[in-house]
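Have a look at the structure below, then the notes.
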Amino acid sequence: MKRHSEQQYLNLLKEALIKGYRKVDRGTGDASYSLFGRQMHFDLSQGFPLLTTKKVYWKGVVHELYWFMSGQSNIKYLVDNNVHIWDDYPFKIYNLKSKNEKGKKLTKVEFIEKIRTDNKFAKKWGELPRIYGELWRRWPTSAKASAGKPTKKRTIDQLSWAINEVIDDPNCHNAIVNSWNPEYLYTMARFQDTSHFPICHNMYQLNVIEGKLCLQLYQRSADLFLGVPFNIASYALLTLIIAKITGYKPGTFVHTFGDVHIYEIHLDQVKEQLKRKPRPFPNIKFTRDFKSIDNFNPEYLELINYNPHSPIKAALSVSGGYYK
């Protein structure tokens, strides 16, 4: 009997639980149990890898991926669609800056409601510069005019370029989208340019093998219990979308990890999940045709036959960012 693909994930949970090296985050004090250099493979012809041993937040997966793909960097789109997975970082930035500017302090609920209802406020405080969508579709450059005078900065649409590269040359080895820009990261950056949230899933590559579009993600840091099920679904879906645009059948999604860890606050939830048996994966149906990344809409997706176990709630650890 063929092993269920979800077992790879469950085995990784078990390994981190038993063999993980305990680390403590320098900013939050959150402890985790880490492994380094692991990998999973999902054959997308055998069903869509939306994990079944707990219910995964599918609406959040779809809207976040669309937010990335469309190059957006303001959380208003997510807030308007009642998806709140990116609320914490802009709220923390707002509290820090409004305190320094002696502005009115808002609760998180008040802050999000103001993002939803006040476009001017959302434009100022909902922005998350250097986030995935910006880096995928509008990678900033420091282009100069030939005479040496500054011009309007050129941006690079990495995602469109990578897709076109696959279409033009299916044998290419260079269809890569990168989100790791040292100019904005940690103490490598100028203080005023520093990103205050971590880029975790930092690079992916497209490849065509035997008429199938494959994608490999490298994730430098991975929250195994809360984040990874979401990441698997997101990049598997991205693979399906790009396969449709390029005219190839979906191949394999390869998920490669740097530091993959279980947070100490999630140990009980992990043990609960490990008691459960995987169920058959669901499938994805596209209800409308689309020819480019900019023609895609979340409404064109239909999730079929998803029958997961119940959700397992856990607190989010906001670790790994930039610390002053």
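Readers should treat all values here as calculations from the given coordinates under stated rules, not as data from a laboratory. On a predicted model such as this, the values are computed, not experimentally measured, just so you know. Here the Cβ is made from the backbone with ideal geometry for all residues, glycine too, and neighbour counts use every protein chain on show.
Using r as the Cβ-Cβ distance of F290 and E110, and R0 as 41 Å, what FRET efficiency do you calculate, to the nearest 0.05? List each step's numbers first, then the result.
Numbers: r = 38 Å, r/R0 = 0.93.
So the FRET efficiency works out to roughly 0.60.
I want the local charge near G47. Using Cβ-Cβ distances under 11 Å, sum +1 for each Lys or Arg and -1 for each Asp or Glu among the other residues. Residues near G47 contribute -1 overall. Across segment 77-128, C-alpha contacts under 8 Å between residues 6 or more apart give a mean separation that, scaled by the residue count, equals a relative contact order of 39 percent. When only Cα pairs below 8 angstrom with a gap of at least 6 residues are kept, the chain shows a relative contact order of 27 percent.
Near T28, the amide H atoms lying under 5 Å from its own belong to G320; only residues 5 or more places off or on other chains count, and H is placed 1.01 Å from N.
For the pair N81 and N305, a Förster radius of 30 Å applied to the C-beta separation gives a FRET efficiency near 0.80, rounded to the nearest 0.05.
Dividing the alpha-carbon Rg of segment 70-136 by 2.2 N^0.38 Å yields what?
This ratio for segment 70-136 stands at 1.06.
Please grab the % of Cα pairs in the chain that end up more than 27 Å from each other. Intermediate values should be presented prior to the final figure.
Values: 24941 of 52326 pairs.
That fraction is 48 percent.
The orientation-averaged shadow of the Cα convex hull for segment 42-90, equal to a quarter of the hull surface, comes to 4.6 nm². The spacing between segment 192-246 and segment 1-41, judged by their C-alpha centroids, is 18 Å. For the residues E299, E64, E134, a GNM of the chain with alpha-carbon springs under 10 Å puts the largest fluctuation on E299.
Got a sec? Which residues in segment 254-279 would a label at Q7 touch, if it sits 7 Å along Cα→Cβ and we count backbone N under 17 Å? Only 274-279 pass the distance filter.
GNM remark for the chain: springs join alpha carbons under 10 Å apart, and the peak mean-square fluctuation among F225, F290, F197 falls on F290. In this simple spin-label model, placing a label point 7 Å from the Cα along the Cα-to-Cβ direction at both S45 and N178 gives a separation of 3.3 nm. Within the listed set S73, S98, S32, the residue fluctuating most in the Gaussian network model of the chain (springs between alpha-carbon atoms under 10 angstrom) is S98. Charge tally around D87: other residues with Cβ under 14 Å, Lys/Arg +1 each, Asp/Glu -1 each, net -1.
Taking other residues whose beta carbon is less than 15 angstrom from the beta carbon of A31, and scoring Lys, Arg as +1 and Asp, Glu as -1, yields -3.
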